[in-house]
Amino acid sequence: MRSHYCGAINESHIDQEVTLYGWVHRRRDHGGVIFLDLRDREGMAQVVVDPDTEEAFAKAESVRSEFVIAIKGRIRRRPEGTINKDMPTGAVEVLGKELTILNASATPPFQLDGYVDVGEDTRLKNRFLDLRRPEMLNKLRFRSKVTSYIRNFLDGQDFMDVETPILTRATPEGARDYLVPSRTQPGNFFALPQSPQLFKQMLMVSGVDRYYQIAKCFRDEDLRADRQPEFTQVDIECSFVDENTLMNIMEQMVREMFHDLLNVEFSSFPRIPYSEAMAKYGSDKPDLRIPLEFTDVADLVAPVDFKVFAGPAKDPKGRVVALRVPGGAGISRKQIDDYTKFVGIYGAKGLAWIKVNELEKGAEGLQSPIVKFLGDDVAMQIMSRLGAQNGDIVFFGADKAKIVNEAIGALRVKLGEDLDMFTCKWAPCWVVDFPMFEETSDGGLTAIHHPFTSPACTPEELKASPESALSQAYDMVLNGTELGGGSIRIHDGEMQKTVFGILGIDDAEAQEKFGFLLDALKYGCPPHGGLAFGLDRLVMLMTDSQSIREVIAFPKNQSATCMLTQAPGEVDSKQLRELNINIRKSAKEES
Ligand code: ASP
């Protein structure tokens, strides 16, 4: 059997006889001597086969990339001048004596000994090969380290790992459900869990006290960048705790994990109220590495004749902000045009700007298409509120608040990237004091987290002004990405019914959909709260990957298709009949 992993041999093994197994990463014929780079999970070993070991040599001549072979040989020091300091095994090589071909390989559809951009679908279609690449294997390995770190930490804090069902009823987390038809109950469906939320709450009712699970969750969302229909959460719930205690435990876990796995030190995470995050960054997941902030100027522009600004300034749902970019006056017209297109993606109708050239000349020293509409005084008042300096550029957003927040929030991040303004590599924070609800496009209210989140007020206060009520929810944010979020939950049936009522779920519907939860709340439900981390995003950030697909072994592509298995696929008519399902002809044609 194997004596060592290829990647594990080093100078301490010199003169030892070894047996290695692996894949031929590269084969080089050096006039009479054959070099094979043999690869396995742990790395690469250089194998040399001389013509005087005739049999081994003949086989070495016949092997090709990705053949699986076994090598028996002796470890020796590489000759002076051929030592490879960049390779952990680079000081030694194996003088191969016996070579066994365990399996041949067809020519891979893409090179594995170097990155070639073959397109993601080809990589996903051949994921079993793509994962052979050391870069990808390292990501899987790192992910495994993260999950065992989290398990160890939570086990050490007396959390209990409990599994919850995959075939269940809908748990609303704001997405569509994946449904599974029931064969035994025609016309009825299971839903795959959007999260284990209600089960973990019921585990608290049962007295589990501290629960965690590395749980698969399923959300049928519109195809937004970097979402997966199934993803993994580190799901956590805890009884008899308040927000502070919970946030402290979670912060400790993340801080220690970054220290131990990445050697990164975090100091204590700032806690930013939601209202402040929206005011300064237009986002509830601010990227605090970027030192740019919004400044509201609606009061200054409301009186001007310039409708583009005055309209939103006077609209209760509008917002007018300025974003001062120190030293940004060098941005070209072409770049400004590109940024204008960029904010257009978020619904902004334009992008107004002012370049601050010579402030000492007053409005004369400002270069901009809009100063003439604002008037010199207002323009200068804005400059003084912003603390503008020569060499700055100021961008403006004026529209419905939602559009301004999204468009200028995204521009803030883009400018940070383009102008390389990052002040640090990692910027974690908590966002707290979220509102309970937000308005839907049809004027109703929807829960910002989920309907089981506890408000920070009494049921009476909640009923009196649901729009302004705050919740006991918190999100952990890292570099502009939401790592996790949770809340203290409602543990009182009356409060739960009040929240359902505000969301337009009447008693009958509440009973039909969540009767089991309302029942559980009747029997001595302890105060409790929890949160869930997005494991894929966490690993993506920790491995500096571009997308969560890079840290999931077998992800779906951006059309929610598994390129490897071609799921979702058709099923035969017998199966459909058993499930009492009839596919509309037009549905097939439409797709
Ligand atoms: N269930 C929530 C979610 O999936 C997390 C939580 O509130 O614990 O977002």
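The values are calculated or read from the model by the stated rules, or taken from the named source; none is laboratory data. Keep in mind the model is a prediction, meaning the values are calculated, not measured. Quick reminder, even Gly has a Cβ in these numbers, built from the backbone with ideal geometry, and neighbours come from all protein chains shown. The accessibility values were calculated without ligands, DNA or RNA, using every heavy atom of the protein model including side chains. Shrake-Rupley method; radii C 1.70, N 1.55, O 1.52, S 1.80 Å.
Across region 235-284, what is the total count of residues that are open to solvent by less than 20 Å² (accessible area, probe 1.4 Å), within 16 Å of the ligand (Cβ to nearest atom), part of a helix (DSSP H, G or I) and under 26 Å from Ile490 (Cβ atoms)? Residues flagged as open to solvent by less than 20 Å² (accessible area, probe 1.4 Å), within 16 Å of the ligand (Cβ to nearest atom), part of a helix (DSSP H, G or I) and under 26 Å from Ile490 (Cβ atoms) within region 235-284 amount to 6. Tell me which residues, restricted to region 10-52, are closer than 23 Å to Ser105 by Cβ and assigned to a loop (DSSP other than H, G, I, E, B). If the condition is that a residue be closer than 23 Å to Ser105 by Cβ and assigned to a loop (DSSP other than H, G, I, E, B), then Arg41, Glu42 are the ones that fit.
Inside region 146-181, residues that are away from the ligand (no atom under 16 Å from the Cβ), of a type outside the set (S, T, N, Q) and within 18 Å of the chain's Cα centre (by Cα) make up a count of 1. Of all positions in region 451-460, none carries a residue that is modelled with pLDDT of 95 or more, open to solvent by 10 Å² or more (accessible area, probe 1.4 Å), in contact with a strand residue (DSSP E or B) (Cβ under 9 Å, 6 or more places away or on another chain) and not in a loop (DSSP other than H, G, I, E, B). Does Gly480 meet the test of being open to solvent by 40 Å² or more (accessible area, probe 1.4 Å), touching a residue at least 60 places away in the same chain (Cβ under 8 Å) and either more than 31 Å from the chain's Cα centre (by Cα) or away from the ligand (no atom under 16 Å from the Cβ) (or both)? The answer is no for Gly480. The residues of region 336-365 that are farther than 21 Å from Pro291 by Cα, touching a helix residue (DSSP H, G or I) at 6+ places or on another chain (Cβ under 6 Å) and surrounded by 14 or more Cβ atoms within 10 Å (Cβ to Cβ), listed by number, are Tyr346, Ala348, Asn357, Leu359, Ala363, Gly365.
Which one of Thr19, Thr82 is of a type in the set (Val, Ile, Thr) and open to solvent by 40 Å² or more (accessible area, probe 1.4 Å)?
Numbers: Thr19 fails: open to solvent by 40 Å² or more (accessible area, probe 1.4 Å).
Of the residues listed, the single one that is of a type in the set (Val, Ile, Thr) and open to solvent by 40 Å² or more (accessible area, probe 1.4 Å) is Thr82.
Residues to consider are Arg324, Arg333; find the one that is farther than 30 Å from Met257 by Cβ and open to solvent by less than 80 Å² (accessible area, probe 1.4 Å). So the residue among Arg324, Arg333 that is farther than 30 Å from Met257 by Cβ and open to solvent by less than 80 Å² (accessible area, probe 1.4 Å) is Arg324. The residue list Phe199, Phe190 contains one member that is among the aromatic types (Phe, Trp, Tyr), away from the ligand (no atom under 15 Å from the Cβ) and either in contact (Cβ under 8 Å) with a residue 60 or more places away in the chain or surrounded by 15 or more Cβ atoms within 10 Å (Cβ to Cβ) (or both), which is Phe190. Of the residues making up region 522-567, those that are within 16 Å of the ligand (Cβ to nearest atom) and in a strand (DSSP E or B) number 7.
Return a yes/no flag: does region 446-468 have any residue that is among the β-branched types (Val, Ile, Thr) and under 30 Å from Met257 (Cα atoms).
The first filter runs over region 446-468 and keeps only residues among the β-branched types (Val, Ile, Thr), leaving 446, 448, 453, 458.
Adding the requirement that they be under 30 Å from Met257 (Cα atoms) leaves 448, 453.
Yes; the residues of region 446-468 include at least one that is among the β-branched types (Val, Ile, Thr) and under 30 Å from Met257 (Cα atoms).
When the residues of region 493-509 are narrowed to those that are assigned to a helix (DSSP H, G or I), aliphatic (A, V, I, L, M) and touching a residue at least 12 places away in the same chain (Cβ under 8 Å), which ends up surrounded by the most Cβ atoms within 10 Å (Cβ to Cβ)? Give the derivation first.
Looking only at region 493-509, we keep the residues that are assigned to a helix (DSSP H, G or I), and these are 493-502, 507-509.
Filter once more, keeping what is aliphatic (A, V, I, L, M): 495, 499, 502, 508.
This time we only want the ones that are touching a residue at least 12 places away in the same chain (Cβ under 8 Å), so: 495, 499, 502.
Details: Met495: 18, Val499: 28, Ile502: 22.
The selected residue is Val499.
Scanning region 217-234 for residues that are of a type in the set (Lys, Arg) and surrounded by fewer than 16 Cβ atoms within 10 Å (Cβ to Cβ) yields one hit, Arg224. Quick one: how many residues across region 285-340 are assigned to a loop (DSSP other than H, G, I, E, B) and closer than 29 Å to Asp433 by Cα? Going through region 285-340 one residue at a time, the tally reaches 13.
A quick yes/no check of all residues on (1) in a loop (DSSP other than H, G, I, E, B); (2) of a type in the set (Val, Ile, Thr):
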| position | (1), (2) |
| --- | --- |
| Ile166 | yes, yes |
| Thr171 | yes, yes |
| Val180 | no, yes |
| Thr184 | yes, yes |
| Phe190 | no, no |
| Gln194 | yes, no |
| Lys200 | no, no |
| Leu203 | no, no |
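When you scan region 87-110, do you find a residue that is open to solvent by 50 Å² or more (accessible area, probe 1.4 Å), more than 30 Å from Thr19 (Cα to Cα) and free of Cβ contacts under 8 Å to residues at least 24 places away in the same chain, even just one? No: zero hits. Checked against (1) within 16 Å of the ligand (Cβ to nearest atom); (2) open to solvent by 10 Å² or more (accessible area, probe 1.4 Å), Leu517 meets all criteria but (2).
In this structure, is Arg28 without any contact (Cβ under 8 Å) to a residue 12 or more places away in the chain and in contact with a strand residue (DSSP E or B) (Cβ under 7 Å, 6 or more places away or on another chain)? Answer is yes for this residue. Across region 209-226, which residue is modelled with the lowest pLDDT among those that are charged (D, E, K, R) and within 13 Å of the ligand (Cβ to nearest atom)? Per the criteria, the residue is Glu221. Collect the residues in region 202-216 that are open to solvent by less than 20 Å² (accessible area, probe 1.4 Å) and among the aliphatic types (A, V, I, L, M), keeping them in residue-number order. Within region 202-216, Met204, Ala215 meet the criteria.
Out of Gly391, Gly365, Gly350, Gly330, I need the residue that is within 20 Å of Tyr281 (Cα to Cα) and modelled with pLDDT of 95 or more. Which one?
Details: Gly391 fails: within 20 Å of Tyr281 (Cα to Cα); Gly365 fails: within 20 Å of Tyr281 (Cα to Cα); Gly330 fails: within 20 Å of Tyr281 (Cα to Cα).
One residue alone meets the criteria, Gly350.
Of the listed requirements (1) at pLDDT below 95; (2) of a type in the set (Asp, Glu); (3) open to solvent by less than 90 Å² (accessible area, probe 1.4 Å), Glu570 misses just one: (3).
Residues of region 384-429 that are among the hydrophobic types (A, V, I, L, M, F, W, C), closer than 14 Å to Gly480 by Cα and open to solvent by 40 Å² or more (accessible area, probe 1.4 Å): Val413, Phe422, Cys424, Trp426.
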